[in-house]
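Engineer: One structure is given below, represented as structure tokens, and several questions about it will come after.
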Amino acid sequence: MTKNSPSKVTMEKMVSLCKRRGFIFQSSEIYGGLGSCWDYGPLGIELKRNIKEAWWRSMVRNRDDVVGLDSAILMAPQVWVASGHAQGFTDPLVECRKCHLRYRADTVQDDKCPSCGGELTEPRQFNLMFKTFMGPVEDSASLVYLRPETAQGIFVNFQNVQVALRKKLPFGIAQIGKSFRNEITPGNFVFRTREFEQMEMEFFVKPGTDQQWFSYWVEQRLNWYQELGIKPQNIRLRPHGRDELAHYASCCSDVEYLFPMGWSELEGIADRGDFDLAQHAKHSGKSLEYFDEESGEHYIPHVIEPSAGVDRSALAFLLDSYDEEADKDGTRVVLRLHPALAPIKVAVLPLSRKEELAKVAREVHADLRNCFMTQYDDTQSIGRRYRRQDEVGTPFCVTVDFQSLEDHQATIRERDSMAQIRVPLAKLKQTLMTKLGGETFGTQQLWSSTAKDAGQTTSA
Ligand code: ATP
């Protein structure tokens, strides 16, 4: 078996696979497409749900000190004044005087238009927040913004959550949701888009304990990607230099992935101090202090924020799992996705469409689909069906053949090794459950799909 190598995959190959196999489509494609917006197809949505589920499990469900939230996308406009976004959430924009294309100033070299070589305007600050109007009158009083990050919904609910759940420091609030940024230069597929999803957690701590919690979260977050299969050589931590730090942050590190266009940010982890809560206290006039029963002090908690993107994660998991290997029919393309992330866990493939076989296969399928995301496929040759499942990362195929009618067994074929084992139909569900890492598909339980676990291995 070949070792998975990132050099085998280009962004073009990935974009094509995603479209061909129903992961990701261009938004509004039949109208020529809408720039930098993408639609997740039947397999893409499963992948995204699995990523979010794995994040939620590790950040909320498996912990006592983090709770969840789902705040509204539209918020009071004052929120963005307090957070600094109304004034400061800008990128420097330059425009070509000749062809009028626009660029982010820091992405252009030599002060010339990358498209036509024309002269560029002086940079001006361009606010990345999308505006819209609330209610029937379109005037400045009804102006609201589509949130550019989910974090502010957490800060403004800090006290609601803390009081309602009687949380003591340190504790965190986690949220997954859509954010919108009118990026000047979107691109690289779903890496930089104008509508995207974030997974953010604000961890509130006692001032003075920031450093310890910052280090803790950096390690946790780096491990999370690796536990889900990202290869260590393709992921790294990049601490921000002093000159890069936002004015409120005392520490920030990016988790970076080696995308085809080079090392780029997957997630940012920052020590934001008391900036956000202090700003909201000042602008709302409400005290957001915490009473520390142990020390008898009142203070504004400090915040450690791990902020990740669902779409960038999806892209990284897809790229990292992509593999090609030579086989007798040419090239086998395999997505070696962690089973917790694989869109389809089990495919049920009857060897023929003959009714007596199809009946058993449908029964098997009906039984399995209660537990796993499954797919039933009875078109084309069995070899092609295996290849199709390999290409979308399905860890196991269950094949029902004529022998199954007599011995009441089916074949489980494993994606990575292509090893095949015969398993009694009555034990199929349990065997697959074990191989897929338990009922929860826990991210902690790494996938050990040794064919020896459940029966005898035949030749692949
Ligand atoms: P970048 O420097 O790449 O613009 P950022 O530092 O502005 O990113 P953050 O504000 O820290 O990003 O947002 C946290 C996470 O949200 C990012 O690490 C990324 O995964 C995701 N994200 C931010 N902007 C986008 C976008 N335009 N498209 C897709 N994901 C995004």
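The values are calculated or read from the model by the stated rules, or taken from the named source; none is laboratory data. Quick caveat: nothing in here was measured; it's all calculated off a predicted structure. Reconstructed Cβ throughout: ideal geometry from the backbone, glycine too, with neighbour counts over all protein chains shown. We work out accessible area using only protein heavy atoms, side chains counted, and drop any ligands, DNA or RNA first. Shrake-Rupley method; radii C 1.70, N 1.55, O 1.52, S 1.80 Å.
Engineer: Can you report the number of residues in region 329-371 which are crowded, with 20+ Cβ neighbours inside 10 Å and under 26 Å from the mean Cα position of the chain (by Cα)?
Structural biologist: The number of residues fulfilling the criteria is 13.
Engineer: Report, by residue number, each residue of region 222-272 that is touching an Asp or Glu at 6+ places or on another chain (Cβ under 9 Å), charged (D, E, K, R) and within 13 Å of the ligand (Cβ to nearest atom).
Structural biologist: Within region 222-272, ARG238, ASP254, GLU256, GLU265, GLU267, ARG272 qualify.
Engineer: If you don't mind, another one. Could you list, ordered by first residue, the pairs with Cβ atoms under 9 Å in which the first is in region 35-46 and surrounded by fewer than 20 Cβ atoms within 10 Å (Cβ to Cβ) and the second is part of a helix (DSSP H, G or I), at least 6 apart or interchain?
Structural biologist: Sorted first by the residue in region 35-46, then by its partner, the pairs are ASP39/GLU29; GLY41/CYS18; GLY41/LYS19.
Engineer: Just to verify a result, which residue in region 187-202, among those that are of a type in the set (Asp, Glu) and open to solvent by less than 10 Å² (accessible area, probe 1.4 Å), is nearest to the ligand (Cβ to nearest atom)?
Structural biologist: Restricting attention to region 187-202, the residues satisfying the condition of being of a type in the set (Asp, Glu) are 195, 197, 200, 202.
Subsequent filtering for residues that are open to solvent by less than 10 Å² (accessible area, probe 1.4 Å) retains 200, 202.
On the way: GLU200: 7, GLU202: 13 Å.
Out of the qualifying residues, it is GLU200.
Engineer: For region 109-134, enumerate the residues that are of a type outside the set (Phe, Trp, Tyr) and within 29 Å of the chain's Cα centre (by Cα). First the steps, then the outcome.
Structural biologist: Start the filter on region 109-134 by keeping residues that are of a type outside the set (Phe, Trp, Tyr), which leaves 109-125, 127-129, 131-132, 134.
Answer for region 109-134, where residues must be of a type outside the set (Phe, Trp, Tyr) and within 29 Å of the chain's Cα centre (by Cα): ASN127, LEU128, MET129, LYS131, THR132.
Engineer: Based on what the data block shows, is PHE133 surrounded by 12 or more Cβ atoms within 10 Å (Cβ to Cβ) and at pLDDT 85 or above?
Structural biologist: yes
Engineer: Only residues that are free of Cβ contacts under 8 Å to residues at least 60 places away in the same chain and either at positive phi or acidic (Asp, Glu) (or both): list them for region 262-301, please.
Structural biologist: Residues satisfying the conditions are GLY262, GLU265, GLU267, GLY285, GLU289, GLU294, GLY296, GLU297.
Engineer: How about region 1-98: which helices (runs of 4 or more DSSP H) wholly inside it have at least 1 residues that are hydroxyl-bearing (Ser, Thr, Tyr)? Break it down into steps so the answer makes sense when it comes.
Structural biologist: Details: elements: 11-20, 42-56, 77-83, 85-88.
Here the list reads 11-20, 77-83.
Engineer: How many residues are within 16 Å of the ligand (Cβ to nearest atom) and touching a strand residue (DSSP E or B) at 6+ places or on another chain (Cβ under 8 Å) when one looks only at region 139-171?
Structural biologist: Final tally of qualifying residues: 10.
Engineer: List the number of the failed condition for ILE344; all other conditions in (1) assigned to a loop (DSSP other than H, G, I, E, B); (2) out of contact with any Ser or Thr (no Cβ under 9 Å at 6 or more places or on another chain) hold.
Structural biologist: With (1) assigned to a loop (DSSP other than H, G, I, E, B); (2) out of contact with any Ser or Thr (no Cβ under 9 Å at 6 or more places or on another chain) applied to ILE344, the lone miss is (2).
Engineer: Tell me, yes or no, whether region 308-318 has at least one residue that is of a type in the set (Phe, Trp, Tyr) and free of Cβ contacts under 8 Å to residues at least 60 places away in the same chain.
Structural biologist: No: zero hits.
Engineer: Looking only at residues in region 295-326 that are open to solvent by 10 Å² or more (accessible area, probe 1.4 Å) and over 27 Å from the mean Cα position of the chain (by Cα), which one is nearest to the ligand (Cβ to nearest atom)?
Structural biologist: ILE300
Engineer: Being in contact with a Gly (Cβ under 6 Å, 6 or more places away or on another chain), part of a strand (DSSP E or B) and among the acidic types (Asp, Glu), is that true of even one residue in region 252-264?
Structural biologist: yes
Engineer: A follow-up question, please. Of the residues LYS282, LYS286, which is open to solvent by 30 Å² or more (accessible area, probe 1.4 Å), under 19 Å from GLN152 (Cβ atoms), at pLDDT 95 or above and part of a helix (DSSP H, G or I)?
Structural biologist: Among LYS282, LYS286, only LYS282 is open to solvent by 30 Å² or more (accessible area, probe 1.4 Å), under 19 Å from GLN152 (Cβ atoms), at pLDDT 95 or above and part of a helix (DSSP H, G or I).
Engineer: While we're on this one: Restricting attention to region 173-183, and to residues there that are open to solvent by 20 Å² or more (accessible area, probe 1.4 Å) and over 13 Å from the mean Cα position of the chain (by Cα), which single residue is nearest to the ligand (Cβ to nearest atom)?
Structural biologist: Once the filter is applied, the top-ranked residue is ARG181.
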